[in-house]
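Visitor: Pasting a structure below so you can have a look.
The values are calculated or read from the model by the stated rules, or taken from the named source; none is laboratory data. Treat the numbers as computed from the prediction; the structure is a model and nothing was measured. Here the Cβ is made from the backbone with ideal geometry for all residues, glycine too, and neighbour counts use every protein chain on show. Keep in mind that these areas ignore ligands, DNA and RNA; they rest on the heavy atoms of the full protein, side chains included. Shrake-Rupley method; radii C 1.70, N 1.55, O 1.52, S 1.80 Å.
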Amino acid sequence: MRSAEFSTPHSAFRIPHSAFRIFMPSFPFGRAAFWILLLCLFSGTARLYFTAHDARVAASHSETNIKFWTFAKQHYDAYQSAFDTFEKKHPGTKIEDQLVSWVAVTQRLQAAMWSGVDLPDVVEIPIDTAGGYFRGPIDDVGFLDITERVKTAGLLDGMVASRFTSYTSRGHIFGVPHDVHPVMLAYNAEIFKKEGVDADSIKTWDDFIRVGKKLTIPNKRYMIEFEEARSAHLEMCLFQRNSALFDIKGNVIFDGETGVKTMLWFVPLIAAKDRIANNLGGGQILTKAVEDGYFVCLVCPDWRSKSIEKDIPSMSGKMKLMPLPAVSPGQRRTSTWGGTMIGITKQCKHPDLAWQLILHLYLDKKELGQRFNDTNILPALRAAWKQPEFDEKREYWSGQKLGNLYSALAPDVPAQVTSPFIAQGKAKLGEALVDCITYYRANGDKNFESYARTRLKKSGDELRALIARNPY
């Protein structure tokens, strides 16, 4: 019996002629319309089938993809070899890495968490913005709570524990620290030698200021570069003094007694007639200033040492590093500036695999050794500091062993307490600093302590009011 036949790639559909003769009398539009109807039905069914099939195939491929974001080009470049080795250890896994600018990662990530669209699985964010992601009820935080994972992996003992403080909220850990960022001072060793200054004799800030007044030549040379338009260096000094913008409970404290004393000490270094500090900005201006001996010393966390190497190559063999002067004899000889955390977003479909990626990036000692060579960034993993790269002499730094110098200070790095209002806190402290500098330049010491107390309290009260108004 002959039949009408319709084929798809997977099967054939046959209509017997007898059935066709029975059905046609009840179909009023003729044979052509009948065949068109059948073709439409079959083509629609086939399209639905293949669409579903393609979706299943795509889903099966994306199940092992991990989308990774970072804001730091140094990190992004250094991770490429680590991504390759991770993919080899986990066949079928693909790391989709993206470099997203500092501003964009903050705004884009917040928007993605609110909308649930275009979220990375694993992401690095800067310490300055981390607290903003932990606001509101714990269940509403967009990052996965990794407290038990951190404890099980022994990271609180294996890493510099104070670095977890910034990524912990109400006892819940949401991020693993990428770094330690101890602060030293980079100094022009040729100027020190010419002026008969022994860096080892500078043990406290009083020693430093005394030497600074000897070396400073107004409008020609200054002992140190201190920022006056934003609060980064002032915060560094607060951290060294066991203070911060907020306490562990989230209370504003930068206008407390330690904050006032730090402001009273810091401002004259920049604004007094016999000041030893100045600021010119960054880029080529800073490069020229260092080359010409305009600045004798620069504040130098580990990450900045690499920037100095790249931006001011002409100073190779002329620069050295020294610990930060202590506030008082025998006290802390370092502080901290900057930082990065890595975390897993709640929308991640494969949190166990994402966690393995974090451990691979942050705990592989061999990778960390090579990465230190590439970035000068001291990792938070203590065991990594024993890698040979940390014991190498650096030509740029006059033969000093950079890794040994920074790692020796790392255990004493102070904690940075986080807050959902950390960005606003930095802004308010910066406003107070600018106003205090303006006042001091106009009035000197006269009633400066009273003014500084009042101005800091004004910024503190404004921030407290902002926090009180915000339900999250």
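Visitor: Report the Cα centroid-to-centroid distance between the range 185-221 and the range 260-299 in angstrom, as an integer.
Guide: 13
Visitor: State in Å² the accessible area per residue of the range 367-407; use a 1.4 Å probe, count heavy atoms of protein chains only, and round to the nearest integer.
Guide: 40
Visitor: Students often check this: by mean Cβ neighbours within 10 Å, which of 341-353, 368-380 ranks highest, and how do the rest follow? All intermediate terms of the calculation are to be shown ahead of the outcome.
Guide: On the way: 341-353: 19.2, 368-380: 22.5.
Packing proxy ranking, top to bottom: 368-380, 341-353.
Visitor: Less than 18 Å apart at the alpha-carbon level, and either on another chain or at least 8 residues along: which lysines does that give for Lys73?
Guide: Leaving aside lysines fewer than 8 places away in the same chain, those within reach of Lys73 are Lys306, Lys310.
Visitor: Report the one residue of Gly343, Pro323, Asn447 whose Cα lies farthest in the direction of the positive end of the charge dipole of the range 314-472 (charges on C-beta: Lys and Arg +1, Asp and Glu -1; origin at the Cα centre).
Guide: Asn447
Visitor: Name the long-range amide H neighbours of Asp97: under 5 Å, sequence gap of 5 or more, or other chain; modelled H, no Pro or chain starts.
Guide: The answer is Phe68.
Visitor: On a full-extension model of 0.36 nm per residue, what is the gain between Ser307 and Val434, subtracting their alpha-carbon distance, rounded to one decimal in nm?
Guide: Gain on extension, Ser307 to Val434, equals 43.1 nm.
Visitor: With axes computed from alpha carbons, what is the tilt in degrees of helix 102-115 against the longest principal axis of the chain, rounded to the nearest 10 within 0 to 90?
Guide: 40
Visitor: For the range 290-427, restrict the atom set to alpha-carbon positions and state the Rg and Dmax in Å.
Guide: Cα-based Rg and Dmax for the range 290-427 come out at 17.6, 55 Å.
Visitor: With all protein chains present, how much of the accessible area of the range 100-191 (probe radius 1.4 Å) comes from carbon and sulfur, to the nearest whole percent?
Guide: The nonpolar share, carbon plus sulfur, comes to 55 percent.
Visitor: Just need the relative contact order of the chain here, percent rounded to a whole number, with Cα pairs under 8 Å and 6+ apart. Write down the numbers at each step before the final one.
Guide: On the way: 717 pairs, mean separation 105.0, N = 472.
Contact order relative to length: 22 percent.
Visitor: What longest range of the chain stays clear of loop-exposed GluC sites (Glu not before Pro) (DSSP non-H/G/I/E/B, at most 13 other C-beta within 10 angstrom)?
Guide: 196-394
Visitor: Subtract the Cα-Cα distance of Thr165 and Arg230 from 0.36 nm times their separation in residues, and report this length gain in nm to one decimal.
Guide: Stretched fully, the Thr165-Arg230 segment lengthens by 21.1 nm.
Visitor: How high is the relative contact order of the range 338-472, in percent, with contacts defined as C-alpha pairs under 8 Å that are six or more residues apart?
Guide: 13 percent.
Visitor: For the range 221-374, compute Rg over Rh where Rg is the Cα radius of gyration and Rh is the Kirkwood radius from the inverse mean 1/r over Cα pairs.
Guide: On the Cα set of the range 221-374, Rg over Rh gives 1.04.
Visitor: Give the carbon-plus-sulfur fraction of the accessible surface of the range 410-472 in %, rounded to a whole number; probe 1.4 Å, heavy atoms of protein chains only.
Guide: 55
Visitor: Evaluated at 4 °C with a viscosity of 1.567 mPa s, what Stokes-Einstein diffusion coefficient in µm²/s does the chain have when Rh comes from the Kirkwood expression over alpha-carbon pairs?
Guide: 50
Visitor: Relative to the longest principal axis of the C-alpha atoms of the chain, give the angle of the C-alpha long axis of helix 73-89, reported between 0 and 90° and rounded to the nearest 10°.
Guide: 50
Visitor: Right, next: Over the range 196-292, with the other protein chains present, what is the accessible area per residue in square angstrom, probe 1.4 angstrom?
Guide: It amounts to 45 Å² per residue over the range 196-292.
Visitor: Suppose every K and R has +1 on its Cβ and every D and E has -1 on its Cβ; what is the size of the dipole of the chain about the Cα centre, in Debye to the nearest 20?
Guide: Using only the charged Cβ atoms, the result is roughly 480 debye.
Visitor: Calculate one ³J(HN,Hα) per residue across the range 413-429 by plugging θ = phi - 60° into the Karplus curve 6.51 cos²θ - 1.76 cosθ + 1.60, and present them in order as whole Hz with x for glycine and proline.
Guide: 5, x, 6, 10, 6, 8, 6, x, 10, 4, 5, 5, x, 4, 5, 5, 5
Visitor: Among Ala289, Met223, Asn470, whose Cα sits farthest toward the positive end of the charge dipole of the chain (+1 at Cβ of Lys/Arg, -1 at Cβ of Asp/Glu, about the Cα centre)?
Guide: Asn470
Visitor: Suppose we take every Cα in the range 142-246 and form the convex hull; what volume per residue is that in Å³?
Guide: About 161 Å³ per residue, rounded to a whole number.
Visitor: Suppose the chain between His90 and Ala199 were pulled fully straight at 0.36 nm per residue; how much longer would it get relative to their current alpha carbon spacing?
Guide: 34.2 nm
Visitor: Pull up the DSSP beta bridges for the chain and report the antiparallel fraction as a percent, rounded to 5.
Guide: So the antiparallel bridges in the chain amount to around 70 percent.
Visitor: Aspartates and glutamates near Lys346 by alpha-carbon distance under 19 Å, same-chain residues fewer than 8 away left out - which ones?
Guide: Glu63, Glu96, Asp97, Asp118, Asp121, Glu124, Asp139, Asp140, Asp145, Glu148
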